[in-house]
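Reading through the structure tokens given below for one structure.
Taken together, the values in this text are just the output of simple stated rules run on the coordinates, not laboratory data. Keep in mind that this is a model prediction, so the values were computed, not measured. Here Cβ is always computed from backbone atoms with ideal geometry, including for glycine, and neighbour counts include all displayed protein chains.
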Amino acid sequence: MAIRKILISASALVFIACACGNKTNEATVTQQYEKVSPDFNADSAYLYVDKQVAFGPRVPNTAEHVACGDYLVNELKRFGAEVQEQKAELTAYNGTKLNARNIIGSYGLDKKNRVLLFAHWDSRPYSDHDPNPDNYRKPLLGANDGASGVGVLLEIARVLQTQAPEVGVDIIFFDAEDYGVPVFEKENYPGDTDETWCLGSRYWSKNPHVPNYKARFGILLDMVGRENAAFYKEYHSVKYAANIVEKVWGTAGRLNHGKYFIGKNGGGVTDDHIPVNEIRRIPSVDIIDYDPDSDNGFFHSWHTQKDDMSNINKETLGAVGQTILEVVYKEK
Ligand code: AHN
Ligand code: ZN
């Protein structure tokens, strides 16, 4: 009995000694960075993505699009944002008139120093990269392509209501990003088709919701849900907003999210940050996932019928959300 007791205390001592040793080691090896931002809840973000997807494809001129737009407006209001809707009839590449709706949620409207956070909320009417050509003309769910960025921004809105940062924040959900010329129609629309994408952000950049709207910088979230997502420094982001790239990627590294935010330059993507940079002249970066193993560079299910919730990973959403919160709350 006595021996047994002694043995237990001895092993307990060894355990304590090891634990202490580890702790001192860790403290000396990695200087722990103390974040200033409140916690981002990845479970909540996941639910906001799931909720959007449950409406079905959010293609302009459909009932699902109207219902999801209403949901997004109500969520922003529930989280204490001042909400403005910008409705516009935009013309798609094929002449279709799109009833488009940019949704803007603002915090700290009295503040001059502002940060702009944005994502597109529409989903693509065509699955033109689907392996099955029968699906080319079907709309897609856009869990990752669209809903992931919006879900992260809704969770950021919830957090902004609990504790105001020093800067004002505007969250914009842009419409009609993903209505660009489909691959199967390329021969009917020869030449540069870049301007057939990003219609909502292009409209807003020319007609901002506030006359002469300015922000210090902007951050776009696009396809931020994949497990093991890889965010390289996107070409136009580096060209127009190198210091913001360093700010965002540097912050991610300090939060130990360097696994997602890769410190290397990536290719260029036609995305909503282009009009915001070139027309509105707000230096803006695109956090967009690059998958070198896919033939188009985007995640495997990009523009297919399989862009569903199986492409959404909570850890990735959390890494992106906490990084953006930290950037916002560090801003003075
Ligand atoms: C093009 O495919 C030209 N741009 C990619 C932008 C995009 C589409 N983001 C989401 N869907
Ligand atoms: Zn898309």
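Tabulated values for the structure
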{"quantity": "Size of charge dipole - the chain - debye, nearest 20, with Cβ of Lys, Arg +1 and Asp, Glu -1, no other charges", "calculated": "1400 debye"}
{"quantity": "Cross-link partners of K112 among lysines (Cα-Cα below 29 Å; sequence separation of 8 or more within a chain)", "calculated": "K35, K77, K87, K206, K214, K233, K239, K247, K330, K332"}
{"quantity": "Relative contact order for the stretch 75-146, counting Cα pairs under 8 Å that sit 6 or more residues apart, in percent", "calculated": "21 percent"}
{"quantity": "Kyte-Doolittle at least -1.0, axis length at least 15 Å by Cα - qualifying DSSP helices, the chain", "calculated": "2-29, 42-54, 63-78, 148-162, 235-254, 314-330"}
{"quantity": "Three semi-axes of the equivalent ellipsoid, the stretch 236-332, Cα gyration tensor, whole Å, largest first", "calculated": "23, 19, 13"}
{"quantity": "Cross-link partners of K138 among aspartates and glutamates (Cα-Cα below 18 Å; sequence separation of 8 or more within a chain)", "calculated": "E64, D122, D128, D130, E177, D178, E185, D307, D308"}
{"quantity": "Neighbourhood net charge (12 Å Cβ-Cβ; Lys/Arg +1, Asp/Glu -1) for E34", "calculated": "+2"}
{"quantity": "Zero-based 10 Å bins, Cα pair distances in the stretch 69-111, whole percents", "calculated": "27, 39, 23, 10, 1"}
{"quantity": "Sum of side-chain charges, N277 neighbourhood, beta-carbon under 12 Å (Lys, Arg +1; Asp, Glu -1)", "calculated": "-1"}
{"quantity": "Overall Cα dimensions of the chain - principal axes, largest extent first, Å", "calculated": "88, 51, 36"}
{"quantity": "HN-Hα J in Hz across the stretch 179-187 - Karplus 6.51, -1.76, 1.60, θ = phi - 60°, x for Gly and Pro", "calculated": "9, x, 3, x, 3, 6, 10, 3, 5"}
{"quantity": "Taking N as its residue count, the alpha carbon Rg of the stretch 221-282 over 2.2 N^0.38 Å", "calculated": "1.12"}
{"quantity": "Student exercise, the stretch 130-271 dipole from Lys, Arg, Asp, Glu Cβ charges, in Debye to nearest 20", "calculated": "640 debye"}
{"quantity": "Contact order normalised by residue count of the chain, Cα under 8 Å, 6+ apart, percent", "calculated": "23 percent"}
